[in-house]
1. Given a 10 angstrom Cα cut-off, can you work out which residue in GLY75, GLY38, GLY99 is the most mobile in a GNM of the chain?
2. Hey, how much of the P(r) for region 1-91 falls beyond 22 Å, as a percent of Cα pairs?
3. Pick out which of SER95, SER85, SER49 has the largest mean-square fluctuation in a Gaussian network model of the chain, springs linking Cα atoms closer than 10 Å.
4. On a straight-distance basis, which lysines could pair with LYS123 in a cross-link, Cα separation under 17 angstrom, same-chain partners fewer than 8 positions away excluded?
5. Go through region 108-115 residue by residue and turn each phi into a ³J(HN,Hα) via Karplus (6.51, -1.76, 1.60, θ = phi - 60°); whole Hz please, and just put x for glycine and proline.
6. Can you give me the relative contact order of the chain as a percent, contacts being Cα pairs under 8 Å and 6 or more apart?
Amino acid sequence: MDEAEEHGILEEYLKKALEEAWAKTNNALDQAGNTGKGRQMAIWLAAESVEYTSYLFSLTNDLEDADPPPPPTKGRDVTSLVKESVDALEQVRASSDRGKLADYTRLRDAVHSLRTAYLEFRKKPRKTRQDLTRS
């Protein structure tokens with residue numbers, strides 16, 4: 001197998017992975033009304049799918065050494081983080097072949113936003129001072 005065939009195969013897998021990530025991220029956004037385990041699992045699956053897509057993207061486009069900085073996500077709610085990921089995937093899907101590093105950065109931003117959204121579910125509720133005092 002020569003390099004052109006290998007690249008073609010990677011691009012085919014990347015295309016499928018991008019469509020799967022798109023579907024799973026939209027599913028996570030559609031579950032915005034849910035607050036339970038179903039939404040948490042949908043966000044986890046979306047994050048996993050986008051992570052795999054970004055890995056294939058880096059392999060396909062020789063970006064293994066690229067390490068874009070994560071976007072600021074502090075103080076953002078889960079719905080806005082998932083929406084941001086959907087927007088990033090939409091931009092990558094609509095992108096031409098010119099801005100590969102920018103597309104990879106968008107994918108990494110989507111991964112970071114989905115991870116942050118998932119971790120919002122994992123946070124333990126803080127005890128207030130009133131909870132700590134005895135009546």
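Values in this text are rule-based calculations from the coordinates and carry no lab data. Remember, it's a predicted structure, so these values are computed and weren't measured experimentally.
1. Highest fluctuation among the options: GLY75.
2. Numbers: 1413 of 4095 pairs.
Value for region 1-91: 35 percent of Cα pairs lie more than 22 Å apart.
3. It is SER95.
4. Here the lysines satisfying the reach criterion relative to LYS123 are LYS37, LYS74.
5. Using θ = phi - 60°, the values come out as 5, 4, 5, 4, 4, 5, 5, 4 Hz.
6. Details: 130 pairs, mean separation 39.1, N = 135.
Reported relative contact order: 29 percent.
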